[in-house]
Amino acid sequence: MRQEITLDTAQFLDSPHSQNLAVPREAQKKIVEAYLSCCYDDLGKAPRHMDGQDVHGVVGHLLPGRFARKDPIAAHAAEVLRAYLTHLPEVVVVTQVFEQRQALEHTLDEFQHMVATGENAHHHQHAAPQTPFVHKAAKVGRNDPCPCGSGKKFKSCCAKLM
């Protein structure tokens with residue numbers, strides 16, 4: 001595990017925000033480590049540098065993959081992540097803390113659904129596959145007459161323009 005994840009997790013677990021939660025310490029640790037691992041390892045950003053879209057991507061798409069289907073610890077994720085995002089600006093400068101909190105609140109239902117069902121939810125509708133475009137005109141060979149009507153071979157006329 002990366003040192004940043006270990007240090008950030010320990011810092012949170014020692015904070016009053018963590019100690020005031022009615023969530024077991026091991027559950028808090030698992031949730032925060034999973035969140036930080038998604039941030040640092042998958043997204044490549046420190047949590048303080050993330051914006052609302054990053055939080056949505058982590059919580060709504062990456063984080064559910066760190067929990068087993070119907071994992072009982074995931075039920076505490078909302079409370080723990082709220083506490084973590086409250087703790088974070090108290091220890092480092094977070095320029096987009098409001099956006100992060102808004103994105104978290106809008107994404108928690110998606111997270112809970114994905115963990116409960118074990119499926120990956122995406123925002124786009126699954127449309128029928130598109131049929132490939134097929135050109136109906138015959139190909140012009142190098143030695144065929146040029147389709148522009150000049151009477152020259154294609155290779156000596158319009159092919160030179162390509």
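The values are calculated or read from the model by the stated rules, or taken from the named source; none is laboratory data. Bear in mind the structure is a predicted one, so any value in this text is a computation, not a measurement. Please note: Cβ atoms are built from the backbone with ideal geometry, for glycine as well, and neighbour counts cover all protein chains shown. The accessibility values were calculated without ligands, DNA or RNA, using every heavy atom of the protein model including side chains. Shrake-Rupley method; radii C 1.70, N 1.55, O 1.52, S 1.80 Å.
Multiplying the sequence separation of Arg82 and Asp144 by 0.36 nm and subtracting their Cα-Cα distance, what value in nm do you get? Intermediate values should be presented prior to the final figure.
Numbers: separation 62, 0.36 × 62 = 22.32 nm, distance 7.07 nm.
Roughly 15.2 nm would be gained on extension.
First compute the accessible area of the range 1-146 with a 1.4 Å probe, then give the percent of it belonging to carbon and sulfur atoms.
Numbers: 4720 of 8980 Å².
Of the solvent-accessible surface of the range 1-146, carbon and sulfur hold 53 percent.
Find, among the trypsin sites (Lys or Arg not before Pro) in the range 60-162, those assigned to loop by DSSP (not H, G, I, E, B) with at most 15 other beta-carbon atoms within 10 angstrom. Mind dumping the intermediate values first?
Working: sites: Arg66, Arg69, Lys70, Arg82, Arg101, Lys136, Lys139, Arg142, Lys152, Lys153, Lys155, Lys160; in loops: Arg69, Lys70, Lys136, Lys139, Arg142, Lys152.
Sites meeting the loop and neighbour criteria: Arg69, Lys70, Lys136, Lys139, Arg142, Lys152.
At 7 Å along the Cα-to-beta-carbon direction for both Ala137 and Glu26, put a label point, then send me their distance in nm to one decimal.
7.1
For the range 11-100, what is the accessible area per residue in Å², given a 1.4 Å probe and the full set of protein chains? Don't skip to the end; give the middle numbers.
On the way: 4330 Å² over 90 residues.
Solvent-accessible surface per residue comes out at 48 Å².
Which lysines, on any chain, are close to Lys152 with Cα under 23 Å apart, when same-chain ones fewer than 8 places away are left out?
Output for Lys152: Lys139, Lys160.
At a Förster radius of 35 Å, what calculated FRET efficiency corresponds to the Cβ-Cβ distance of Glu4 and Gln130, to the nearest 0.05? Each step should come with its number before you reach the end.
Values: r = 43 Å, r/R0 = 1.23.
Efficiency for this residue pair is about 0.20.
What is the Cα centroid distance between the range 1-27 and the range 82-122, reported in whole angstrom?
16
Can you classify the range 36-86 as rounded, prolate or oblate using the Cα gyration tensor, where a ≥ b ≥ c are the square roots of its eigenvalues, rounded means a/c under 1.5, and otherwise it's prolate if a/b beats b/c and oblate if not?
Values: a/c = 2.16, a/b = 1.40, b/c = 1.54.
Oblate.
Residue-wise, which Karplus ³J(HN,Hα) couplings in Hz belong to the range 13-23, taking 6.51 cos²θ - 1.76 cosθ + 1.60, θ = phi - 60°, and x for glycine or proline?
Ordered by residue, 3J(HN,Hα) equals 5, 8, 7, x, 4, 6, 5, 7, 7, 8, 10 Hz.
Which ³J(HN,Hα) values, rounded to whole Hz and listed in residue order, are derived for the range 48-64 from phi using the Karplus coefficients 6.51, -1.76 and 1.60 in 6.51 cos²θ - 1.76 cosθ + 1.60 with θ = phi - 60°, glycine and proline given as x?
Using θ = phi - 60°, the values come out as 6, 9, 7, 10, x, 5, 5, 4, 4, x, 5, 6, x, 10, 8, 4, x Hz.
Quick one: what are the phi-derived ³J(HN,Hα) couplings along the range 133-148, Karplus 6.51/-1.76/1.60 with θ = phi - 60°, whole Hz, x for glycine and proline?
With the stated coefficients, the range 133-148 comes to 6, 10, 6, 9, 6, 6, 6, 9, x, 4, 9, 6, x, 5, x, 6 Hz.
Would you calculate a helix-derived [θ] at 222 nm for the chain, using -39,500 (n - 2.57) for each DSSP H run of n ≥ 4 and dividing by the full residue count, to the nearest 500?
On the way: 6 runs with 70 residues, N = 162.
Counting only the DSSP helices, I get -13500 deg cm²/dmol.
Would you mind calculating the gained length between Lys152 and Val93 on full extension (0.36 nm times residue separation, minus the Cα-Cα distance), in nm to one decimal? Let's see the in-between values first.
Values: separation 59, 0.36 × 59 = 21.24 nm, distance 7.13 nm.
Stretched out fully, the Lys152 to Val93 stretch lengthens by 14.1 nm.
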